[in-house]
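> Got a structure here, written out as structure tokens. Questions coming.
Here, each number is a calculation from the coordinates, and none is a lab measurement. Just so it is clear, the model here is predicted, and its values are computed rather than measured. Using ideal geometry, Cβ is built from the backbone for each residue, glycine included, and neighbour counts are taken over all protein chains shown.
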Amino acid sequence: MNIEYDIKSSESWSPVIYLKDNIPLWIKTYYPRAYKRNELLIKKGCLKKIIIIPDKTPFSQKPTGVFTKRIETDLSIGTIYINEVYLSYLWLCCCSIYINWYEIIHKPLENGYYGLNIFKINPRAEELVQLGLNHFKLASTFLTSTPTWPDYFLSPSIQNGLIAEDYHGISNGIFLASISFQILHEIGHIEKNHGFARYLAFGSKNKYAELSQLEYKADDYAIRKVGSKRSSETTVFGVIISLCCDLFFYKNTNRQEHPDILERIEKTLKRIISDNNSELYAITCIALRLWDITYSHNFNWDENVGDTYKNLISGIAWQ
Ligand SMILES: [Zn+2]
């Protein structure tokens, strides 16, 4: 890929270094259509750089005007910026959500038991479920303090292959699907010339509705591009977790310029999961449950909404 992946950091503090070196390789391997499209954009001069910012400052402590977002595109110069701390945060979210999904949703189902098991995630849960919860709690510290990665936590850098039959390897695969979806979302903004549309929207009476539409269009673009591996569970995990990660910023960010994140998630779920009974709907439930416990939101989980995870999502009362 001709995109200049400008890896400025040579420090080895972040276990995500291994993974970010593989981002271009991964896009080329798994999403050849997106890869070709990116090359075309470069020829046209629309996309110039994807830069990973080696920035250890927690998101919450950044002064305004400084790079404060996880992933951001400067449409005028065709550059996508990705915050390195965000990559670590994202990996931990992928890892914690996957562990809990596997342990409390998938395993029981393999043994013929289908139940709304997400309440098994709690501070006194069994060891592996606890491990997932603790990884999520570690991720949450990345938002408010200088991140450190304790030795006894799982780390992506241990793994050499992209996919392996273990939590590290699978989390790595999900992480890459997730970051790829987010890069494709940004490329969607570039390719559809949203810079100009955004400029027009700011002068409009329906500013927020119009800006929301641009986000849905960029999501649509990204979903279509990752669609070449549509059947892959890894991709579904990656896309859903990408959006759920935004949920965790919900209370810390001014979201006015973006559509309601739950609405974005629900639209996306409908597009990428065809079976209403799918256990993949539980990914969102787990994300919400982890978020609920970690930040003591005390959501009202309506267990009587039916017997599917899809219904459980719509039954959650939250503000
Ligand atoms: Zn966007």
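> Going by average Cβ neighbours within 10 Å, how do the peptides 279-285, 215-221, 296-302 rank, with the highest at the top? Could you put the intermediate results ahead of the total?
On the way: 279-285: 22.3, 215-221: 18.7, 296-302: 12.1.
Listed from highest to lowest mean packing, they are 279-285, 215-221, 296-302.
> Could you pull out the pairs from LYS137/LYS192; LYS192/LYS270; LYS205/LYS310 whose alpha carbons sit more than 28 Å apart here?
Values: LYS137/LYS192 37 Å; LYS192/LYS270 23 Å; LYS205/LYS310 35 Å.
Cα-Cα > 28 Å for LYS137/LYS192; LYS205/LYS310; rest within.
> While we're here: Order of LEU262, LEU40, LEU154 from fewest to most other C-beta atoms within 10 Å? Don't jump to the answer; show the numbers that get you there.
Values: LEU262 18, LEU40 12, LEU154 22.
Lowest count first: LEU40, LEU262, LEU154.
> Can you tell me, using C-alpha contacts under 8 Å and at least 6 residues apart, the relative contact order of the stretch 86-317 as a whole percent? All intermediate terms of the calculation are to be shown ahead of the outcome.
On the way: 260 pairs, mean separation 50.7, N = 232.
Worked out over the stretch 86-317, it gives 22 percent.
> Once you have the Cα-Cα distance between SER204 and THR294, take 0.36 nm times their residue separation minus that, and quote the gain in nm to one decimal.
Numbers: separation 90, 0.36 × 90 = 32.40 nm, distance 3.89 nm.
Residue separation times 0.36 nm, minus the Cα-Cα distance, leaves 28.5 nm.
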